[in-house]
Amino acid sequence: MTDHPTAQHAPAPAPAPAFSVAPGPVFTTSAVVASYAGFMLIGALQALAIITVSCAGMTVGLLLAALPELAPFAYAGVGLFIAPIFPTGLPWLHRPAPHSRRAGAVVIAASLLGGVAAGPALGKVIEWSGVRAVPLLLAAVSAVCLAATLRLTRATHPKPAT
C-alpha cells in the first residue's frame with residue numbers, strides 16, 4: 001500500500017499483501033486511453049450526449065469509489081468518462097454561444113484556476129473530513145456539472161410548441 005493519502009481509501013482487492021493499486025495511475029491510464037477513443041465518438045455522437053453521459057458516469061464512478069473494495073475499478077471508470085469532456089466540450093461551446101469570442105478562453109482559464117485551487121482545497125477537505133470523504137466531495141462536484149449540463153441541454157434545445 002502506498003503512503004499517498006488518496007490511495008489510503010482505495011486499497012485494491014488483493015490476493016497477496018504485496019499487491020495494491022493506487023487510484024492515480026489507474027485514473028490517468030484510463031483517461032489517456034479514453035482521450036484517444038473519445039475522438040472517434042465525437043464524429044459519431046452528438047456533443048451534448050457525450051458530455052451528459054460522461055458527467056453521469058463520473059458521478060456514479062465517484063460514488064462507487066467511496067467503497068474501498070471498488071475504488072480502483074471505479075477510478076478507472078471515472079478516467080474513462082472524464083476524458084471526452086474537454087475535447088468534445090470546447091468545440092461544442094461555440095454552438096450555444098456563437099457571439100461569445102471569449103467563451104473558450106474563459107473555460108480554459110477556469111480549468112487552469114481549478115487546477116491551481118483544487119489541490120489545496122482537497123488538502124483542506126482531507127484535513128477536516130479524512131481521506132474517505134474525497135470521492136464523495138468529487139461526486140458532489142461532478143453532480144453539479146451534470147446538473148449544469150442538463151440545464152444547458154434544456155436551454156439550447158427547447159421543447160417544440162404543441
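Just so you know, all these numbers are worked out from the coordinates, no wet-lab data involved. Here the structure is a predicted model, which is why all the values come from computation and not from measurement. Because the Cβ atoms are built from the backbone with ideal geometry, glycine has one as well, and the counts that use them run over all protein chains shown.
Ranking VAL60, VAL144, VAL134 by Cβ neighbours within 10 Å, fewest first, what do you get?
VAL144, VAL60, VAL134
By how many nm would the segment from ALA148 to VAL32 grow when fully extended, if each residue of separation counts as 0.36 nm and the alpha-carbon distance is taken off?
Contour length minus the Cα-Cα distance gives 39.3 nm.
Stretched out fully, how many nm does the piece from LEU90 to ALA140 gain, at 0.36 nm a residue minus the Cα gap?
15.7 nm
7 Å from Cα along Cα→Cβ at both ILE108 and HIS157: what's the point-to-point distance in nm?
2.8
How big is the gap, in Å, between the Cα center of region 49-70 and the Cα center of region 94-138?
17
Relative contact order of region 66-162: what whole-number percent is it, with Cα pairs under 8 angstrom and at least 6 residues apart?
Relative contact order comes out at 27 percent.
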